[in-house]
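The structure appears below as structure tokens.
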Amino acid sequence: MIRTLSFLPGNTPNMLINGETLGADALILDLEDAVSPAEKDTARILVRNYLRTQRIRKTFLIVRINATDTAYWRDDLAIILPEKPDAVLPTKVSGRQMLDTLTAEMSRVEQDAGLERPTPLLPLIETAMGVENAIEIASYSDRIMGLALGGEDLTADLHCKRTKEGQEIFYARTRLVCAARAAGVNVFDTPFTDVDDMEGLEKDAQFAKALGFSGKLVISPRHIDTVNAVFSPTEEEIEYARLILACIRDAKAQGKGVVSLRGKMIDAPIVARARQVVEDARQIFGEEEDTDE
């Protein structure tokens, strides 16, 4: 289960070395915005070497490549894909045509490298066109592991001001969640960019969770623990979920078709949420698997 995805500049050896100690579920090794044109080659080599040293991985490793309208992305793929990153984060993904171009090149590199499995993609949606084509992107192919929202570039494309309250990206957030869930993939919220506002971060993460996001991108190591906590079930939630599943088991054993708990009817959506809470707890905390079968 991925709750936090933390960006690390690909041209900073000390940050790469310490990356897996930060506590994030996934690291995004950045070859794009964090790296100047003069350092692109150096960053590719550093990220390549880092991937080589992390053959046994505790953290999910994603590489953010440069946009397909630049001169850099093909070199990014040629150097990075043979090292088998867990996923690639393409930027400013706008629709099927862009993904066709990207995956054709990925398939060529993967075939030349003798890779047996296609590398998953986590498209970063940060344009108005990408938002409107979210379901097309989310359901593009089995390579798509989820969608991620980039609020800063999106608001620039929308010609509006980026605010902490986030009203200007509310539509984009809900559209991405609906598209991802319809396609059966995960969806990750945009970073909270004020490094020092921990109260604002928690509020923003809670709102994203309430909308249905799987987790959140982070740009500061200081944000990781808060986001992890927000996107983890509480002890009370786990206990209640287990109680629901126990009630379902008892009802089946007694041949009951109608179940209530604490005065509330337990219907299929409530059971589905309970199962998800228990599964999340199992993945995060190593809780024993529960079942209502």
Computed on Cα atoms, the radius of gyration and Dmax of the chain in angstrom are 20.5, 70
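Add -39500 (n - 2.57) for each DSSP H run of 4 or more in the chain, then divide by its residues: what number comes out at 222 nm, to the nearest 500 deg cm²/dmol? Before the final figure, lay out each step's value.
Values: 12 runs with 134 residues, N = 293.
That comes out to -14000 deg cm²/dmol.
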Roughly speaking, what is the centre-to-centre gap between the stretch 188-254 and the stretch 2-40 when only Cα atoms are used, to the nearest Å?
-> 23
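How would you rank Leu61, Leu29, going from fewest to most other Cβ atoms within 10 Å of each one's own Cβ?
On the way: Leu61 22, Leu29 26.
So the residues, fewest neighbours to most, are Leu61, Leu29.
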Cα-based count: Lys pairs in the stretch 4-230 below 17 Å, eight or more positions apart or different chains?
-> 5
Straight-distance crosslink candidates among aspartates and glutamates, where the alpha carbon sits under 18 Å from Lys252 and sequence neighbours closer than 8 are dropped | Asp267, Asp290, Asp292, Glu293
Rounded to whole Hz, the Karplus (6.51, -1.76, 1.60) HN-Hα couplings of the stretch 178-189, x for glycine and proline = 4, 5, 5, 5, 5, 8, x, 10, 6, 8, 10, 7
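For the chain, with only Lys/Arg (+1) and Asp/Glu (-1) charged at the beta-carbon, what is the dipole magnitude about the Cα centre, in debye rounded to 20?
Numbers: 35 positive and 48 negative charges, 103 e Å.
Here the size comes out at about 500 debye.
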Residues of type lysines that Lys256 reaches as a straight line, Cα spacing below 21 Å, ignoring anything fewer than 8 places off in the same chain | Lys264
In the Gaussian network model of the chain, springs joining C-alpha atoms below 10 Å, which of Leu211, Leu124, Leu27 carries the largest mean-square fluctuation?
-> Leu211
Most mobile of Leu115, Leu261, Leu176 per a Gaussian network model of the chain (Cα springs, under 10 Å)?
-> Leu261
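Every read-out reported here was derived from the displayed coordinates using simple, explicitly stated rules and does not represent laboratory data. On a predicted model such as this, the values are computed, not experimentally measured, just so you know. A quick note on method: Cβ atoms are made from the backbone with ideal geometry, for glycine too, and the neighbour counts reach across all protein chains shown.
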